[in-house]
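Student: Handing you a structure now.
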């Protein structure tokens, strides 16, 4: 990998993180009664998305849907089999319970994403038509379900009302 390719990856990571951070900052500004500052954070977040997309495109980061599903399967598998188990163990050692809980929830959800991506790839490879139904994402832990939200999230215990519909 060239230094420029390393720089593109670092820039993509930084811009992606800035987008999320600014959206969280915008929510806080809204709750504190600063709508114009919230708008500024959302505008900056949108700009960071443009930067991240440009860097990702320069890296040829988006392939065919099949290639993208395979990349998702590989990434999710690495997260729930290697990354998060290591993070969970370290949080236990450090007695950092809040981190342990968030790592555990993410670990469980990454395994769900892995399965959803595998199923989508299977359908794509078979030539079948994919289902046309929404997904629901728990706003407590990120649990992702197809079709209908459960009454209670099996991962974090959040109520059905905590699930956000994604069409």
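The values are calculated or read from the model by the stated rules, or taken from the named source; none is laboratory data. Every value quoted in this text rests on a predicted model; they were computed, and no experiment measured them. As a convention, Cβ positions derive from the backbone with ideal geometry for all residues, glycine included, and neighbour counts pool all protein chains shown.
Student: Do we find that residue 140 is under 14 Å from the mean Cα position of the chain (by Cα), at negative phi and part of a loop (DSSP other than H, G, I, E, B) in this structure? Talk me through it step by step, then tell me what you get.
Tutor: On the way: under 14 Å from the mean Cα position of the chain (by Cα): yes; at negative phi: yes; part of a loop (DSSP other than H, G, I, E, B): yes.
The answer is yes for residue 140.
Student: Every residue in the range 25-36 that is free of Cβ contacts under 8 Å to residues at least 12 places away in the same chain and closer than 25 Å to residue 12 by Cα, please. Outline the logic, then answer.
Tutor: Here is the first cut: in the range 25-36, the ones free of Cβ contacts under 8 Å to residues at least 12 places away in the same chain are 27-28, 30-36.
Answer for the range 25-36, where residues must be free of Cβ contacts under 8 Å to residues at least 12 places away in the same chain and closer than 25 Å to residue 12 by Cα: 27, 28.
Student: Here's another thing I want to ask about it. Of all the residues that make up the range 19-55, how many are closer than 30 Å to residue 125 by Cα and exposed (fewer than 12 other Cβ atoms within 10 Å of the Cβ)?
Tutor: Summing the residues that are closer than 30 Å to residue 125 by Cα and exposed (fewer than 12 other Cβ atoms within 10 Å of the Cβ) in the range 19-55 gives 0.
Student: Could you list, in sequence order, all residues of the range 145-167 that are over 17 Å from the mean Cα position of the chain (by Cα) and surrounded by fewer than 17 Cβ atoms within 10 Å (Cβ to Cβ)?
Tutor: 147, 148, 150, 151, 152, 154, 157, 159, 160, 161
Student: Just to verify a result, which residue in the range 123-144, among those that are more than 18 Å from residue 110 (Cβ to Cβ) and in contact with a helix residue (DSSP H, G or I) (Cβ under 7 Å, 6 or more places away or on another chain), is surrounded by the most Cβ atoms within 10 Å (Cβ to Cβ)?
Tutor: Looking only at the range 123-144, we keep the residues that are more than 18 Å from residue 110 (Cβ to Cβ), and these are 123-134.
Going one step further and asking which of them are in contact with a helix residue (DSSP H, G or I) (Cβ under 7 Å, 6 or more places away or on another chain), we end up with 124, 130.
On the way: 124: 14, 130: 9.
Among them, the one singled out is 124.
Student: Follow-up. Got a sec? Which of 58, 67, 82 is under 18 Å from residue 9 (Cα atoms) and exposed (fewer than 14 other Cβ atoms within 10 Å of the Cβ)?
Tutor: The unique qualifying residue is 58.
Student: Suppose we keep only residues that are outside any loop (DSSP other than H, G, I, E, B) and without any contact (Cβ under 8 Å) to a residue 12 or more places away in the chain within the range 56-74. Which one would you say is farthest from residue 122 (Cα to Cα)?
Tutor: Residues of the range 56-74 that are outside any loop (DSSP other than H, G, I, E, B), as a first pass: 56-58, 65-74.
Now drop any that are not without any contact (Cβ under 8 Å) to a residue 12 or more places away in the chain, which leaves 57, 67-68, 71, 74.
Numbers: 57: 26, 67: 13, 68: 13, 71: 14, 74: 15 Å.
Among them, the one singled out is 57.
Student: Next question. With the requirement that a residue be in contact (Cβ under 8 Å) with a residue 24 or more places away in the chain and within 22 Å of residue 167 (Cβ to Cβ), what does the range 77-117 give you?
Tutor: Result: 109, 112, 113, 116, 117.
Student: Would you be able to say whether some residue in the range 98-116 is assigned to a loop (DSSP other than H, G, I, E, B), in contact with a helix residue (DSSP H, G or I) (Cβ under 8 Å, 6 or more places away or on another chain) and at pLDDT 95 or above? Reasoning before the result, please.
Tutor: Filtering the range 98-116 down to residues assigned to a loop (DSSP other than H, G, I, E, B) leaves none.
Scanning the range 98-116 turns up no residue that is assigned to a loop (DSSP other than H, G, I, E, B), in contact with a helix residue (DSSP H, G or I) (Cβ under 8 Å, 6 or more places away or on another chain) and at pLDDT 95 or above.
Student: Continuing with the same structure: Name the pairs whose Cβ atoms lie under 6 Å apart, with the first residue in the range 1-24 and farther than 15 Å from residue 43 by Cβ and in the same structural domain as residue 43 (by TED's automatic domain parsing), the second surrounded by fewer than 15 Cβ atoms within 10 Å (Cβ to Cβ) and at pLDDT 95 or above, and 6 or more positions between them or separate chains?
Tutor: As it stands, the answer is 8/58; 8/59, since those pairs meet every condition given.
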